[in-house]
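The values are calculated or read from the model by the stated rules, or taken from the named source; none is laboratory data. Just so we're clear, the structure is a prediction, and the values are computed from it rather than from any experiment. Here the Cβ positions follow ideal geometry from the backbone for every residue, glycine too, while neighbour counts run over all protein chains shown.
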Amino acid sequence: MEEIQSQSDNYRSSSSSASSPASRVPSSNFFYLRKPGSLRQPISFEDSPEWEDTDVDVRVDDGGDSINAATTPASPSLSKLNSGSLPSPHLPEGAVIPRKIAGASVAWKDLTVTIKGKRKYSDKVIKSSTGYALPGTMTVIMGPAKSGKSTLLQAIAGRLHPSARVYGEVFVNGGTSKMPYGSYGYVERETTLIGSLTVREFLYYSALLQLPGFFCQKKSVVEDAIHAMSLDDHANKLIGGHCYMKGLPSGEKRLVSIARELVMRPRILFLDEPLYHLDSVSALLMMVTLKRLSSTGCTLILTIYQSSTEVFGLFDRICLLSNGNTLFFGETLACLQHFSNAGFPCPIMQSPSDHFLRAINTDFDRIIAMCKNWQDDNGDFSSVNMDTAVAIRTLEATYKSSADAAAVETMILKLTEKEGPALKTKGKASNATRVAVLTCRSLLVLSREWKYYWLQLILYMLLTLCIGTVFSGLGHSLSSVVTRVAAIFVFVSFCSLLSIARLPALLKEIKVYACEESNQHSSTLVFLLAQLFSSIPFLFLISISSTPIFYFLVGLEDHFILLMYFVLNFFMTLLVNEGIMLVVATLCQDVCWSVLTLLCIHVVMMLSAGYFRIRNALPGPVWTYPMSYIAFHTYSIQGLLENEYLGTSFAVGQGEKHLSLKVSSVLGLQQIQVDVNLV
């Protein structure tokens with residue numbers, strides 16, 4: 001305790017000297033808090049305030065599931081702000097009144113999460129965390145990197161990996177039942193959107209995937225989501241843009257990913273790092289939009305790493321984590337008081353979130369070691385000489401014995417003593433509807449993705465042109481049979497390999513599917529069927545455009561029926577190859593590994609297809625059984641050769657004796673049975 005007290009006194013003295021009244025500017029320009037009718041209000045702080053203990057008044061309405069918690073600070077003006085007693089802002093004429101959402105209370109008590117091998121020193125990622133979130137409020141989980149923010153958010157939402165073990169309880173409206181489908185939304189830190197769709201199209205297809213009912217009923221839901229996320233000016237813009245227009249900025253893309261979850265009108269919304277990779281302006285716009293969303297009644301729980309002063313003022317409650325330990329839970333102003341009581345007051349010129357992370361981020365210890373004996377022109381680095389381990393222990397011990405922790409326990413007791421109405425599940429779209437919706441969406445994407453689809457069509461035509469010119473002018477003599485077999489083998493094999501060029505576009509679709517599947521908007525079978533069905537028109541277009549080029553340049557049988565059989569055979573080859581590529585890409589989900597796996601599969605199938613050695617001559621294990629029977633090249637080329645040569649006779653020799661060779665069947669490409677008649 002003497003070490004802790006000395007470290008606290010040292011940091012208090014350095015903070016006070018750094019923010020002395022003689023050298024500071026008025027603090028009203030730096031700290032902002034929410035105010036009804038305005039996005040922010042300047043609030044004056046002292047650099048080392050000695051705030052009085054706050055009284056917590058908890059009221060539970062008996063007539064419904066709404067819960068009000070009013071924290072009464074020493075300042076009367078702040079009391080009015082937090083209790084909502086100030087008059088509501090006047091809405092201008094013609095303004096759209098946002099749809100009210102019946103939120104739900106969420107509470108977690110003694111929540112502990114263990115994941116084996118997650119950390120070197122301990123399997124406990126979250127240690128006895130307790131907190132709550134109320135309807136119409138924004139609760140923020142803050143902490144340095146690898147402090148357990150996302151794990152805690154997933155534990156509350158019930159989305160942890162099955163290998164993780166969760167101890168403790170999570171209450172929703174006072175009950176311990178899991179949140180049903182449609183009652184909550186979850187937005188991950190990194191989401192993939194479809195760049196070739198507009199914002200309105202993307203949200204409309206998402207609504208069709210999630211909601212049951214008729215198509216016309218989904219438009220109002222989509223428009224509400226667009227308005228809630230302030231995307232009215234971007235509704236008809238392509239998310240990813242095109243060659244003449246840039247796509248949406250990263251901030252608007254994050255809003256689109258949130259709007260995708262809002263089409264279900266969830267009562268609880270979980271957001272993992274919504275400010276990830278956003279600049280200060282985009283971050284403020286994001287948080288103001290989320291604050292407006294929470295004012296409609298929705299319960300918001302989000303994680304955040306760091307925020308500006310303006311963004312910090314928009315939070316209602318904050319849960320501060322470090323190495324899985326809860327160092328504070330309560331209102332944002334009370335968090336500043338907590339740090340001051342523990343001996344770490346926030347300097348007047350520093351952002352609160354920066355100050356919090358500076359005190360609890362153990363990575364700063366490395367900076368202290370670097371700067372221990374290093375001085376600059378202004379003196380030593382006294383502002384970074386605080387031991388974070390000591391600060392974490394001090395803050396944790398201070399919080400456990402504080403009135404804030406007692407107030408949280410009291411609120412948890414009030415929230416759980418009476419079970420409110422259970423969240424009701426919302427209907428899902430049927431699997432058949434989802435297959436149809438994903439097929440239509442993929443067809444629309446296919447028509448707009450010129451880089452991966454139309455360019456691939458041109459490459460197929462160029463490849464068949466090259467193969468056709470190389471094998472042109474073969475004639476129809478017996479000596480041309482071997483060369484024709486080689487031409488057909490090269491045509492089928494090389495065109496199958498070229499289909500791997502579609503892999504990057506397919507992996508993008510898989511990333512979108514992974515996000516939709518995690519929120520139960522789709523399933524693996526639905527995705528695979530939709531992708532296979534949507535590829536049929538494109539593959540048939542490739543077959544009908546490229547096959548005639550090869551067919552007539554090589555000089556195959558000039559019959560329309562034989563030509564159409566050739567086209568359909570090649571189309572089925574591409575379709576089977578598309579299915580193999582879908583399965584491999586879904587399993588690997590990586591460009592490098594997917595390409596290597598597909599190349600290995602194609603090479604093995606080409607070797608066992610019967611061109612290099614006929615099936616009967618292949619080694620029995622592996623190559624004959626099962627590879628020669630699995631390889632689709634075998635059946636494709638066999639069918640094309642039978643289409644060309646079945647029933648064809650060749651005369652060999654002149655004079656009184658000659659050979660008449662008649663092809664009766666083709667097995668394994670080069671195994672041609674002949675009837676030899678001596679005349």
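How many residues are under 32 Å from the mean Cα position of the chain (by Cα) and either in contact (Cβ under 8 Å) with a residue 24 or more places away in the chain or part of a loop (DSSP other than H, G, I, E, B) (or both) if we restrict to the range 413-433?
12
Quick check on residue 405: is it touching a Phe, Trp or Tyr at 6+ places or on another chain (Cβ under 6 Å), of a type in the set (Gly, Ala, Ser), surrounded by fewer than 19 Cβ atoms within 10 Å (Cβ to Cβ) and not assigned by TED's automatic domain parsing to the domain that holds residue 611?
In short, yes.
When only residues in the range 170-198 that are under 24 Å from residue 430 (Cα atoms) and either outside any loop (DSSP other than H, G, I, E, B) or of a type in the set (A, V, I, L, M) (or both) count, which is farthest from the chain's Cα centre (by Cα)?
Out of the qualifying residues, it is 179.
Restricting attention to the range 454-492, which residues are in contact (Cβ under 8 Å) with a residue 12 or more places away in the chain, hydroxyl-bearing (Ser, Thr, Tyr) and surrounded by fewer than 19 Cβ atoms within 10 Å (Cβ to Cβ)?
Those that are in contact (Cβ under 8 Å) with a residue 12 or more places away in the chain, hydroxyl-bearing (Ser, Thr, Tyr) and surrounded by fewer than 19 Cβ atoms within 10 Å (Cβ to Cβ): 469, 472, 477, 483.
Given (1) modelled with pLDDT of 70 or more; (2) in a helix (DSSP H, G or I); (3) surrounded by fewer than 20 Cβ atoms within 10 Å (Cβ to Cβ), identify the lone condition not met by residue 359.
(3) is the only condition that residue 359 fails.
For the range 155-186, which residues satisfy the criterion of being under 17 Å from residue 105 (Cα atoms) and free of Cβ contacts under 8 Å to residues at least 40 places away in the same chain?
Matches in the range 155-186: 158, 176, 178.
When you check residue 292 against the structure, is it farther than 14 Å from residue 141 by Cα, modelled with pLDDT of 90 or more and in contact with a Pro (Cβ under 9 Å, 6 or more places away or on another chain), yes or no?
yes
Table: residues versus (1) on the phi > 0 side of the Ramachandran plot; (2) not hydroxyl-bearing (Ser, Thr, Tyr).
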{"site": "614", "(1), (2)": "no, yes"}
{"site": "619", "(1), (2)": "no, yes"}
{"site": "622", "(1), (2)": "yes, yes"}
{"site": "628", "(1), (2)": "no, no"}
{"site": "635", "(1), (2)": "no, no"}
{"site": "638", "(1), (2)": "no, yes"}
{"site": "642", "(1), (2)": "no, yes"}
{"site": "646", "(1), (2)": "no, yes"}
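Where residues in the range 199-234 are outside any helix (DSSP H, G or I) and of a type in the set (Gly, Ala, Ser), which of them is modelled with the lowest pLDDT?
The selected residue is 213.
Within the range 231-275, how many residues turn out to be of a type in the set (A, V, I, L, M, F, W, C) and free of Cβ contacts under 8 Å to residues at least 24 places away in the same chain?
2
Name the residue, out of 605, 581, that is free of Cβ contacts under 8 Å to residues at least 40 places away in the same chain and under 22 Å from residue 531 (Cβ atoms).
605
Please tell me if residue 410 is β-branched (Val, Ile, Thr), assigned by TED's automatic domain parsing to the domain that holds residue 600 and at pLDDT 90 or above.
Taking the combined requirement at face value, the residue does not satisfy it.
Given the structure, is residue 512 β-branched (Val, Ile, Thr), surrounded by 19 or more Cβ atoms within 10 Å (Cβ to Cβ), assigned to a helix (DSSP H, G or I) and under 14 Å from the mean Cα position of the chain (by Cα)?
yes
Filtering the range 408-448 down to residues that are buried (at least 19 other Cβ atoms within 10 Å of the Cβ) and of a type in the set (D, E, K, R), which residue is nearest to residue 204 (Cα to Cα)?
Restricting to residues being buried (at least 19 other Cβ atoms within 10 Å of the Cβ) and of a type in the set (D, E, K, R), the top hit is 441.
Could you please give the count of residues in the range 436-481 that are at pLDDT 85 or above and either part of a helix (DSSP H, G or I) or outside the structural domain of residue 641 (by TED's automatic domain parsing) (or both)?
30
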